[in-house]
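For reference, the structure is listed below as structure tokens.
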Amino acid sequence: MSDDIPPTSNDQPQPPNDVPPSDDDDSQVVEIERVMKLLQRGKIKRGMGRLRWSTNYTTVVQVKDDELETLAIYKPQNGERSLWDFPDGTLCYREVAAFVVSEALDWRIVPPTVLRQDGPEGVGSLQLFIQHDAEINYFSLDDSFVPQLLMMTLFDCLVNNADRKGGHVLVDARGKIWGIDHGICFHPYPKLRTVIWDFAGQPIPDALLQDVSRVVETLCNTADE
């Protein structure tokens with residue numbers, strides 16, 4: 001993310017001004033569903049500014065419907081730079097797929113992300129903007145973040161993340177970690193590139209393994225139907 005991104009008041013996956021933060025799981029589900037509806041159907045206003053250090057064409061946009069509005073990160077397909085090891089025009093789809101995996105695991109690592117066919121520059125991913133301090137990244141975090149970082153590390157292994165930079169780890173105002181920039185995940189060959197090597201060689205906690213097993217079982221059952 002860039003230092004010149006305008007601030008917003010949303011520090012949870014929820015509409016920034018209309019829904020108060022909640023630690024209740026059921027309330028968070030409702031909030032995420034409402035944000036997803038906003039991202040999927042809201043009117044996109046362009047011209048909020050580009051991300052200064054982004055490799056691909058990436059802009060901050062305003063998304064608004066009759067009730068709510070928020071800032072979001074828009075990554076159009078036609079603004080993707082060609083890569084030798086990833087098919088052209090697929091990065092925005094991979095951004096959305098990373099969110100789908102995060103939600104299936106119930107880890108809430110990736111901010112709500114959708115694919116919009118009607119973006120200002122055409123088809124592209126649209127991701128809820130997370131308010132954060134741009135001076136804080138992975139290298140700033142202390143041991144209190146270890147449980148969240150461990151979860152993110154396993155997530156990166158699962159989605160084969162080829163681009164986990166320190167600045168791709170955001171901390172919101174409530175101390176929750178979010179992972180962004182998942183456009184080069186899901187390569188068919190091993191591509192894991194990450195700054196998070198703190199947990200190399202350590203056993204995976206049983207609770208996380210259970211989450212993974214649950215998703216794998218669901219996928220297998222779906223494939224058999």
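Readers should treat all values here as calculations from the given coordinates under stated rules, not as data from a laboratory. Note that this is a predicted model, so its numbers are computed, not measured. Glycine also receives a Cβ, built like all others from the backbone with ideal geometry; neighbour counts cover every protein chain displayed.
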Query raised in the report: What nm distance separates the two modelled labels at residue 222 and residue 206, each placed 7 Å from Cα along Cα→Cβ?
Result: 2.8 nm
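Using Cβ contacts closer than 10 Å as the measure, can you line up 199, 186, 139 from fewest to most? Mind showing how you got there, number by number?
Values: 199 14, 186 19, 139 9.
The fewest-first ordering by Cβ neighbours comes to 139, 199, 186.
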Report task. With +1 on each Lys and Arg Cβ and -1 on each Asp and Glu Cβ, and nothing else charged, work out how big the dipole of the stretch 75-225 is about its Cα centre, in Debye to the nearest 20. Result -> 240 debye
**Report entry** the chain, helix-only ellipticity at 222 nm - DSSP H runs n ≥ 4, -39,500 (n - 2.57), divided by all residues, nearest 500
**Finding:** -9500 deg cm²/dmol
Requested in this report: Can you list which of the GluC sites (Glu not before Pro) found in the stretch 72-160 are DSSP loop residues with at most 11 other C-beta atoms within 10 Å?
Outcome: 135
Query raised in the report: If you add up the charges near residue 73, with Lys and Arg at +1 and Asp and Glu at -1, over every other residue whose beta carbon is less than 10 angstrom from its beta carbon, what do you get?
Result: -1
Query raised in the report: Taking the Cα centre of each part, how many Å lie between the stretch 37-66 and the stretch 83-152?
Result: 15 Å
Query raised in the report: Which value in nm describes the separation of the simple spin-label points at residue 53 and residue 78, placed 7 Å from the Cα toward the beta carbon?
Result: 2.9 nm
Query raised in the report: Between rounded, prolate and oblate, where does the stretch 25-119 land on the alpha carbon gyration tensor, with a ≥ b ≥ c its root eigenvalues, rounded for a/c under 1.5, else prolate if a/b exceeds b/c?
Result: oblate
**Report entry** P(r) histogram, all alpha-carbon pairs of the chain included - 10 Å bins from 0, percent
**Finding:** 8, 33, 39, 19, 2, 0
